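Following: one structure in C-alpha cells, then a few remarks.
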Amino acid sequence: MNQSKILFVFMLILCAFSAITNANAQGDLRQPFFDACKLRGGDETFCRCMIGEPYDTFLYNHQYGGLDKLVEKQNEIRATILQEPTMTEKRIQEICAIAEVQYMPPNEVPKDGLQRIAQLSKSLKDEYPSGGAPQMSIRNMVLANVGYCSYGPKIAAAKKRADEQGSFETQNHDSNSINHLYKAFLRDQRKACAP
C-alpha cells in the first residue's frame, strides 16, 4: 500500500516537472529574439542589450496592452484637471460615473444615459468656456477616446486582456510569428539599445 502511494506521488512530481520544463522550453523568446537580431546584422552588444531590460519592457507592454502608459497618461490628465480650483477627486468620480454609460453594452445602457452624457458635456463646456490646459482637460473629460474618463475602461480592458491571454511567452510560436513579434519588438524597443 505504501509503495503504491510513494509511486503515485513520484509520478505526480515527474509529470509536474515535465510540464514545467516543457513550458519553459517553449516560453522564453530571448534566444529566438537574439537569433533574429543576429540574422538581421545586429552586433553582439546590441543583440545582448535587446534581450535584457528592453525585452522585459516589451513583454509587459505586449501582454498588458501598454497598461503602464495608460495609467501614466490618466494620472497626468488627473493632475492637470486638479489644477482647476473648482475640481475635486469626488467630482471627477461623479463625472466619470456618468460618462461610463458610453462603455456599457447597448442592452445595459439606461434609457436616459446618452442624454445625461450630452447634458454633462454641455454643462462642462458652459462652466469652463475657455482657458488653459486644466479647463480644456475638464471640457474634454467625457470624450470617448481621449477624455480622462475613457482611461478607466481602457485600463480595465488591458487588465482583462492580460488575464485572459496570459503571457504570450507561454504560447507556441512558429518562425513566422517570432519574426512578426521581433519586428514589433524592434519598433517598440530599438531606441533602448541605440549607442
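The values are calculated or read from the model by the stated rules, or taken from the named source; none is laboratory data. As the structure is a computational prediction, the values presented were derived from the model and not from experiment. With ideal geometry, Cβ positions are generated from the backbone for all residues, glycine too; neighbour counts draw on all protein chains shown. We work out accessible area using only protein heavy atoms, side chains counted, and drop any ligands, DNA or RNA first. Shrake-Rupley method; radii C 1.70, N 1.55, O 1.52, S 1.80 Å.
Structure summary
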| item | result |
| --- | --- |
| Every residue from segment 65-120 that is closer than 17 Å to SER137 by Cα and part of a loop (DSSP other than H, G, I, E, B) | LEU82, GLN83, GLU84, PRO85, THR86, MET87, THR88 |
| Residue within segment 72-93 that is closer than 30 Å to SER177 by Cβ and in contact (Cβ under 8 Å) with a residue 24 or more places away in the chain present | yes |
| Close pairs from segment 160-177: first among the charged types (D, E, K, R), partner at pLDDT below 75 and open to solvent by less than 80 Å² (accessible area, probe 1.4 Å), Cβ under 8 Å, at least 6 apart | ARG161/TYR64; ARG161/GLY65; GLU169/GLY27 |
| Count of segment 70-90 residues which are closer than 15 Å to GLY147 by Cα and not polar (S, T, N, Q) | 10 |
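Conditions (1) touching a Pro at 6+ places or on another chain (Cβ under 7 Å); (2) hydroxyl-bearing (Ser, Thr, Tyr); (3) modelled with pLDDT of 90 or more, marked per residue:
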| position | (1), (2), (3) |
| --- | --- |
| GLY65 | no, no, no |
| LEU70 | no, no, no |
| ASN75 | no, no, yes |
| LEU82 | no, no, yes |
| MET104 | no, no, no |
| ARG116 | no, no, yes |
| SER121 | no, yes, yes |
